[in-house]
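The values are calculated or read from the model by the stated rules, or taken from the named source; none is laboratory data. Predicted, not measured: the structure shown is a model, and the values here were computed from it. Positions of Cβ are backbone-derived with ideal geometry, glycine not excepted, and every protein chain shown enters the neighbour counts.
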Amino acid sequence: MPDGNEPIKVLLIEDDEDDSVLIRSILSDIPSASYDITWAETYKDALRGLREGSYDVCLMDYRLGNRTGLELLQKVADYADKPPIIILTGQGDYRVDIAAMKHGAADYLVKDHLSDPMLERTIRYAIERKKSEDALRESEKQLQYLSSQLLVVQENERRKVAAELHDNLGQLLTAIKYNIETVISRQPCENECASNLEQVIPLIQVAVEHVRRIYTQLRPTVLDDLGVKAALTWYCREFEDVNTRILVNKDFEIEEEEIPENLKLAMFRIVQDAMDNVAEHSSAEQVWLRLSSHNGALNLSIRDDGKGFNVGAKLSLMNPEGGLGLRSMKRRAELSGGNLAIISEVGTGTTVRANWPS
């Protein structure tokens with residue numbers, strides 16, 4: 001992009017030499033800026049210029065021999081560093097105008113109505129808008145990076161807390177239970193103190209089980225040791241133990257070896273978040289958990305027969321406190337290279353569907 005007094009680099013795509021001279025003349029009459037113009041006369045030259053050149057703005061004729069500017073717009077739609085493209089046409093056409101905007105044109109101008117101020121303003125606005133879009137994309141990249149790092153930190157903290165619970169609190173409770181049992185075994189059967197201690201043992205055992213459930217939920221060792229299928233099987237069993245009214249139906253149509261290591265944790269956490277939502281909000285009686293693959297893509301779905309909800313309202317920016325779990329699932333899927341869709345309506349249950357392309 002131009003800075004200070006540097007000339008604005010323009011790629012002029014125009015197959016009519018007279019029109020190219022006219023546009024050059026208009027640009028040369030603009031007192032507030034200078035322009036370094038490169039002329040591309042054919043569709044092929046234009047494509048090469050957009051692919052290989054570094055321009056601040058592109059002025060493109062709608063007609064390029066037997067091709068159109070819209071075709072060229074579609075062709076270069078995925079070019080990362082393409083400049084803002086302004087379509088020029090001999091006659092105004094509302095449908096072409098709308099189509100040009102739809103395909104990514106920065107603006108649409110009729111040649112017969114061109115003037116120095118109009119063209120200068122259009123170019124300036126297009127360049128400034130491109131700067132803003134580039135800055136926004138850069139911010140999005142940084143936000144995505146920070147989000148990924150936040151997930152890494154979160155998982156590391158979960159691992160530390162799980163290890164602390166397992167190695168210290170869990171073992172401490174087990175040691176207390178063992179010592180109490182030892183004391184009881186050395187007391188006469190009719191000893192009142194021993195009888196009271198015996199009543200404490202089941203409470204300690206419950207505490208041990210609670211601690212075990214907490215640290216395995218934080219970081220299930222089975223995920224690291226046996227893989228995501230075994231971890232999900234374990235999780236579904238634990239889920240049914242806690243939520244006795246909900247039946248979980250599992251369907252794993254995929255081998256463990258087909259799942260990349262870097263996706264296993266993401267899959268597990270998505271299922272965990274989705275099942276938490278089922279337990280807390282759905283009033284469902286059944287859940288269907290499915291893992292499959294198709295044409296190299298990995299697919300994960302969690303469907304329930306609950307009361308459903310309005311997805312748009314839940315994820316609306318006007319409802320910033322709602323749908324945090326849903327947003328977390330979507331972000332986790334995206335950061336691991338996949339995408340996630342939430343399908344639900346009031347009264348029809350909910351489906352969470354994630355997939356990771358090959």
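Report, by residue number, each residue of the stretch 44-58 that is buried (at least 23 other Cβ atoms within 10 Å of the Cβ) and either β-branched (V, I, T) or closer than 18 Å to I26 by Cα (or both). Steps first, answer last, please.
Pass one, the stretch 44-58, residues buried (at least 23 other Cβ atoms within 10 Å of the Cβ): 46, 50, 57-58.
Residues satisfying the conditions are V57, C58.
Of everything in the stretch 1-27 that's in a loop (DSSP other than H, G, I, E, B) and without any contact (Cβ under 8 Å) to a residue 40 or more places away in the chain, which residue is nearest to the chain's Cα centre (by Cα)?
Applying the first criterion (in a loop (DSSP other than H, G, I, E, B)) to the stretch 1-27 yields 1-7, 14-16.
Cutting the leftovers down to without any contact (Cβ under 8 Å) to a residue 40 or more places away in the chain gives us 3-7.
Details: D3: 34, G4: 38, N5: 40, E6: 39, P7: 39 Å.
The selected residue is D3.
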When the stretch 63-100 is checked residue by residue, the ones that are more than 21 Å from E120 (Cβ to Cβ), among the hydrophobic types (A, V, I, L, M, F, W, C) and in a helix (DSSP H, G or I) are L70, L72, L73, V96, I98, A99
Of the residues in the stretch 127-142, those that are surrounded by 11 or more Cβ atoms within 10 Å (Cβ to Cβ) and not charged (D, E, K, R) come to I127
In the stretch 154-211, residues that are of a type in the set (G, A, S) and closer than 30 Å to R331 by Cβ total 2
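State the number of residues belonging to the stretch 28-45 that are part of a helix (DSSP H, G or I) and within 24 Å of R121 (Cβ to Cβ).
Step one: of the stretch 28-45, the residues part of a helix (DSSP H, G or I) are 28, 43-45.
After this cut, where a residue has to be within 24 Å of R121 (Cβ to Cβ) as well, the list is 28.
Counting residues in the stretch 28-45 that are part of a helix (DSSP H, G or I) and within 24 Å of R121 (Cβ to Cβ) gives 1.
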Expected single match for out of contact with any strand residue (DSSP E or B) (no Cβ under 7 Å at 6 or more places or on another chain), surrounded by fewer than 20 Cβ atoms within 10 Å (Cβ to Cβ), β-branched (V, I, T) and touching a residue at least 24 places away in the same chain (Cβ under 8 Å) among I37, I30, I98 is I30
Note on the stretch 182-228: residues outside any helix (DSSP H, G or I) and under 30 Å from I270 (Cβ atoms) are R219, P220, G227
Of the listed residues (I176, I214, I201), the one being in contact (Cβ under 8 Å) with a residue 40 or more places away in the chain, among the hydrophobic types (A, V, I, L, M, F, W, C) and surrounded by fewer than 16 Cβ atoms within 10 Å (Cβ to Cβ) is I214
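For the stretch 2-15, give me each residue that is loosely packed, with under 15 Cβ neighbours inside 10 Å and either of a type in the set (S, T, N, Q) or modelled with pLDDT under 90 (or both).
Of everything in the stretch 2-15, those that are loosely packed, with under 15 Cβ neighbours inside 10 Å and either of a type in the set (S, T, N, Q) or modelled with pLDDT under 90 (or both) turn out to be D3, G4, N5, E6.
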Note on T89: of the conditions (1) at pLDDT below 85; (2) of a type in the set (V, I, T); (3) not assigned by TED's automatic domain parsing to the domain that holds D29, unmet is (3)
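Those residues that are among the polar types (S, T, N, Q) and exposed (fewer than 13 other Cβ atoms within 10 Å of the Cβ), I need them from the stretch 79-95; list them, please.
Result: Q91, single match.
Every residue, every condition in (1) part of a strand (DSSP E or B); (2) among the aliphatic types (A, V, I, L, M); (3) free of Cβ contacts under 8 Å to residues at least 12 places away in the same chain; (4) closer than 20 Å to T348 by Cα, yes or no:
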residue	(1), (2), (3), (4)
E280	no, no, yes, yes
W288	yes, no, no, yes
I302	yes, yes, no, yes
A313	no, yes, yes, yes
Based on what the data block shows, is E140 under 29 Å from S336 (Cα atoms), in a helix (DSSP H, G or I) and in contact (Cβ under 8 Å) with a residue 60 or more places away in the chain?
no
How many residues of the stretch 101-116 are surrounded by 10 or more Cβ atoms within 10 Å (Cβ to Cβ), out of contact with any strand residue (DSSP E or B) (no Cβ under 6 Å at 6 or more places or on another chain) and assigned to a helix (DSSP H, G or I)? The answer is 3
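Return the only residue of A231, A284, A274 being in a loop (DSSP other than H, G, I, E, B) and surrounded by 13 or more Cβ atoms within 10 Å (Cβ to Cβ).
The unique qualifying residue is A284.
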